[in-house]
Amino acid sequence: MKIIYSPKSKKNLKDIKNYISKSNPQNAKQFLDRLKINIENLVNFPYKYRKSIYFDDKNIRDMIFEGYTIIYEIKNNKIIILNIFNQNKGLK
């Protein structure tokens, strides 16, 4: 399985990094490293996380990681990262 980041999710990652970097650049890097490791582990167990509460499709899942929701779709032997957002700020 291959992991693909949608343009929206790439922007989300950049925004998250910029936001965390304002107070602590080192924490931003560490957080993104941990997040990416968890995303990469999806290839081993793509259905590990719950069916998305935002979509009515069993192939779209919600991974929760340190207060963030990562919405991803399992499709054609790919994992497509659709959106990443802070749970406190809600889906955008």
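Laboratory data are not the source of any read-out in this text; all were calculated from the coordinates shown. These numbers were taken from a predicted model, which means no experiment stands behind them. Every residue, glycine among them, receives a Cβ derived from its backbone with ideal geometry; neighbour counts consider all protein chains shown.
In table form, for the structure just shown:
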item	result
Qualifying position, being out of contact with any strand residue (DSSP E or B) (no Cβ under 9 Å at 6 or more places or on another chain), under 21 Å from residue 77 (Cβ atoms) and among the basic types (Lys, Arg), among 22, 36	36
Residue identified as free of Cβ contacts under 8 Å to residues at least 40 places away in the same chain and of a type in the set (Phe, Trp, Tyr) among 72, 68	72
Unique match (being among the hydroxyl-bearing types (Ser, Thr, Tyr) and under 20 Å from residue 1 (Cβ atoms)) among 52, 23	52
Residue in region 19-32 that is touching a residue at least 24 places away in the same chain (Cβ under 8 Å) and more than 11 Å from the chain's Cα centre (by Cα) present	yes
Residues of region 36-58 satisfying the condition of being surrounded by 15 or more Cβ atoms within 10 Å (Cβ to Cβ) and either over 10 Å from the mean Cα position of the chain (by Cα) or of a type in the set (Phe, Trp, Tyr) (or both)	42, 46, 49, 52
